[in-house]
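Report on the following structure.
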Amino acid sequence: MNAPVRELAPVIAPITAAPAGLPPMPPCSGRMNPLEALGGAFRALTANALRSMLTALGIFIGVAAVIATVAVGAGARQQVMAQIQSLGANLLMVWSGSVTQGGVRLGAGQRQNLSWDDAEAIMRDLPAVEVAAGSIRQSFQVVAGNQNWSTSILATSLDYFVAHDWAIDEGRLFSPEEANSGRKLALIGATVAENLFGDENPVGREIRIRATPFEVIGVLARKGQNTAGQDQDDIVIIPYWTARRSVMGASRANARAVNVVSVKVHEGEDMAAAEAALRTLFRQRHRVAANEPDSVQIRNLSEVAATRDASSRTLSVLLASVAAVSLLVGGIGVMNIMLVSVTERTKEIGLRLAIGARRADILAQFLAEAVLLALLGGAAGVGAGIAISHVMAEAGGWPVLVEWDAILLAVGVSGLTGLFFGYWPARQAARLDPITALRHD
């Protein structure tokens, strides 16, 4: 111990014992390494455990709210994208255009100007297109044994399964030869299979559509609901020409008419350019004048997906921003308590400075306390946020997706909050005059 310190020993000896409720003072060397700073910070926080818990409550609530809201937003985006993907990737849907009768404009699909030949022309004339499948859909009562079920009957080609990325769970698809020859074959969705056959295997069984018997050759893979909330598995798919000959009949005006054409574009192709080329092709085929509106309506499902995803992201950012206010409030609470801690420990700070501690050591210790306090609150908030997310999923049926990057971000932000709001109190502590601090009551 150097001479000045020996002279001050009688003065500082009574102060070396920690005041009631405060942690023991670090060793009298004054200087400390990072581990000692962390240990001192932990002892300071545990010495006033209740106060530390209440201080960290703001950080805890903020992080928990951020984790929960981000999880709900991510789950909603995942659900939307799953619904879009279930319709098919890189998909353009072409419907018949509207028609005007007596000055009244009817809706899309009222103008029966799409045909099987249009789908073939798309495949032939547009290199960007992978497949194009025309289809017609009507609702009928389907009977199997003593069971019956009202469902949609879709008549189409094999290209439809490629366009909509639809696989088979059991059985097989019909072949091109079977489709062209008018074989009475059917593929049924999972909902239809459950309602007509229960737990039994429907492959090889017979169903009747308008008293016409069809052999079930396959069960379609589940797709769930589409973006409009309709059950995509409540469907029976049969070959187009079979439907025209046996079930739906053919219009004399257009025996090759279809209601909609599903167009799948090759991966990597520009969807906007493909849509423009498709519009040009239909204007040419349907002989539409330059001053007339399009004869068909085209919907780009990629744009629908992007719009819905953008809406979900905006909502997630809004919710997370509201939750982040709690982090700000928590940070202010940390700063206030650290300022109180500096006042309470003024003599301790003066003593450490008097025996050789650097101002950087004082700054590091108080910063370590603030950051550790915020990190502990953030870690507890992460656990609570994950728990709240799962409770919301179970109770409300909301989709949630807890992402690790959101967790790491929340913990990192809580640490930075402690660092930012703890710097001013730590700086105030480091700038104390040791003589004035030792005289503090």
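Values in this text are rule-based calculations from the coordinates and carry no lab data. All figures in this text were calculated on a predicted structure; none of them were measured in a lab. Here the Cβ positions follow ideal geometry from the backbone for every residue, glycine too, while neighbour counts run over all protein chains shown.
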**Net dipole in debye of the range 112-294 [+1 Lys, Arg Cβ; -1 Asp, Glu Cβ; about Cα centre; nearest 20]** = 900
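Find the percent of Cα-Cα distances in the range 112-294 that exceed 25 Å, and round it to a whole number. Don't skip to the answer; put the middle values down first.
Working: 6382 of 16653 pairs.
Above the 25 Å cut-off, the range 112-294 has 38 percent of its Cα pairs.
In percent, how large is the relative contact order of the range 112-294, given Cα pairs closer than 8 Å and 6 or more residues apart? Walk me through the numbers on the way to the answer.
Values: 336 pairs, mean separation 56.0, N = 183.
Relative contact order for the range 112-294 comes out at 31 percent.
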**Prompt:** Using the Cβ atoms and a cut-off under 13 Å, what net charge is assigned to the surroundings of T191, where Lys and Arg are +1 and Asp and Glu are -1?
**Reply:** -3
**Message:** Net charge within 10 Å of Q232 by Cβ-Cβ distance, Lys/Arg positive one each and Asp/Glu negative one each, not counting Q232 itself?
**Reply:** -1
**Request:** Mind giving me the nanometre distance, one decimal, between the label points for S181 and S139, set 7 Å out from Cα along Cα→Cβ?
**Result:** 3.5
**Prompt:** Which aspartates and glutamates, on any chain, are close to K347 with Cα under 12 Å apart, when same-chain ones fewer than 8 places away are left out?
**Reply:** D433, D441
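If we sort 131-139, 349-357, 384-392, 193-201 on the protection proxy, mean other Cβ atoms within 10 Å, highest first, what's the order?
Values: 131-139: 19.7, 349-357: 21.6, 384-392: 17.8, 193-201: 15.3.
My ranking of the peptides, most packed first, is 349-357, 131-139, 384-392, 193-201.
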**Complete:** The answer for the net charge of residues other than S246 whose Cβ lies under 15 angstrom from its Cβ, with Lys and Arg +1 and Asp and Glu -1, is +3
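With N denoting the number of residues in the range 333-389, provide Rg(C-alpha) divided by 2.2 N^0.38 Å, to two decimal places. Walk me through the intermediate numbers first.
Details: Rg = 15.4 Å, N = 57, 2.2 N^0.38 = 10.2 Å.
For the range 333-389, the normalised Cα radius of gyration comes out at 1.51.
Would you list R431, R205 from fewest to most Cβ contacts within 10 Å? Can you show the working numbers first?
Working: R431 11, R205 18.
So the residues, fewest neighbours to most, are R431, R205.
In what sequence, highest mean first, do 154-160, 69-75 appear when ranked by Cβ atoms within 10 angstrom?
Values: 154-160: 21.9, 69-75: 23.7.
Ranked by mean Cβ neighbours within 10 Å, highest first: 69-75, 154-160.
Would you list K184, K223 from fewest to most Cβ contacts within 10 Å?
On the way: K184 19, K223 22.
So the residues, fewest neighbours to most, are K184, K223.
Quick check on the exposure proxy: order I237, I217 from fewest to most C-beta atoms within 10 angstrom.
I217, I237
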